[in-house]
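The values are calculated or read from the model by the stated rules, or taken from the named source; none is laboratory data. All figures in this text were calculated on a predicted structure; none of them were measured in a lab. Every residue, glycine among them, receives a Cβ derived from its backbone with ideal geometry; neighbour counts consider all protein chains shown.
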Amino acid sequence: MLSWLSLAIQAQPQLDPPAWSELRLELPPALTVKADLKTITADQARPELLERPGALKPHGKVYRLRVETRLKWFLSSKTWLGQLWMQPDLTALQRNRLKIGPGGDYKTYRYAAPGVYRIRQQPNNPEQELKPPTTWPITNETFHAFPQTVIRRCALISDPYAILLLLSQDWPTAETVVCLFNKEGVYPVSFQPTGPEPVQVNYRLGQGAKSHPVQALIHAERIRIHPLPQEAEGNDPEPFEFLGMEGDIIFLRDPKTRLPLQIEGEVPGFGRAKLVLSWVKLR
């Protein structure tokens, strides 16, 4: 039997800040992911979080993770700007996602104890597009209550963006399942160490004049990220997604620094993609 999140939390009660503060992963020229992480106080986080009945309140230290994903192929391009607020114990507070381009919108996922508020905002005209997305009209708001099976099994619910922080730790040592809310439902996601894998790395470390190349052959830790089948709750669930990839994802990290070296998965409409670390700034 796979262990559920309660076992994972016992093994990793607090997520320490990872070795990195900013990083970039690329599949040139088609796919680029940039991430930056800051530690803020609950007082700093509070004004940035939507007020909704029962929404989780920040306390103590809060991690704010920003993720930019750009995908280009043929004459098409997509850009997503994401932001996650979470507690060091992995509890997600809020995720925002701005989709830029034709048909673009702004979505907010506000976490509460019994479920998640999902708010969609869109501009009515080109003039509104120039204004901050938080001022766009709300076109749809729904509340996704957690099923009783989820409440019984999951010690807490986190967010897919948290994977970047979770796998920057010395975790997991054995296959473990984490509960993640993605789009409209909770997904039990298995994290399975599958042994070392040799990988040639070539990235830049640091900024400006102090930056330097890192080139080496590393026996990386290979972790399989596998969304488990959901129990039927009405309509068929959408595929689990992380950084634009769906289904099974392979995550390679440096065994010493825990830096993400490669992330590989299937991107809808594009095909198999392998993101490779190209630049990192350490904390």
Inset, instruction - For residues that are hydroxyl-bearing (S, T, Y) and within 15 Å of the chain's Cα centre (by Cα), scanning just segment 54-78, find the one that is nearest to V178 (Cα to Cα). - result: Y63
Inset, instruction - Please give the number of the condition R70 fails out of (1) in contact (Cβ under 8 Å) with a residue 12 or more places away in the chain; (2) under 24 Å from L130 (Cβ atoms); (3) surrounded by fewer than 17 Cβ atoms within 10 Å (Cβ to Cβ). - result: (3)
Legend entry - Test result for R95, surrounded by fewer than 17 Cβ atoms within 10 Å (Cβ to Cβ), within 14 Å of the chain's Cα centre (by Cα) and closer than 22 Å to T135 by Cα: no
Inset, instruction - Six or more apart or on different chains, Cβ under 6 Å: which pairs go from a residue in segment 125-142 that's within 21 Å of E51 (Cβ to Cβ) to one that's among the basic types (K, R) and not in a helix (DSSP H, G or I)? Could you list them? - result: T139/R120; N140/R120; T142/R118
Legend entry - Residue that is modelled with the lowest pLDDT [pool: residues in segment 155-201 that are β-branched (V, I, T) and either in contact with a helix residue (DSSP H, G or I) (Cβ under 7 Å, 6 or more places away or on another chain) or more than 18 Å from A92 (Cα to Cα) (or both)]: T173
Legend entry - Single residue of segment 21-66 satisfying the filter (closer than 13 Å to R110 by Cβ and in contact (Cβ under 8 Å) with a residue 60 or more places away in the chain) that is surrounded by the fewest Cβ atoms within 10 Å (Cβ to Cβ): G54
Legend entry - Residue ranges of strands (runs of 3 or more DSSP E) in segment 167-283 with at least 1 members among the hydrophobic types (A, V, I, L, M, F, W, C) and within 30 Å of H144 (Cα to Cα): 176-182, 185-205, 212-227, 245-253, 260-267
Legend entry - Any hit, segment 137-145, residues being among the hydroxyl-bearing types (S, T, Y), surrounded by 15 or more Cβ atoms within 10 Å (Cβ to Cβ) and outside any loop (DSSP other than H, G, I, E, B): no
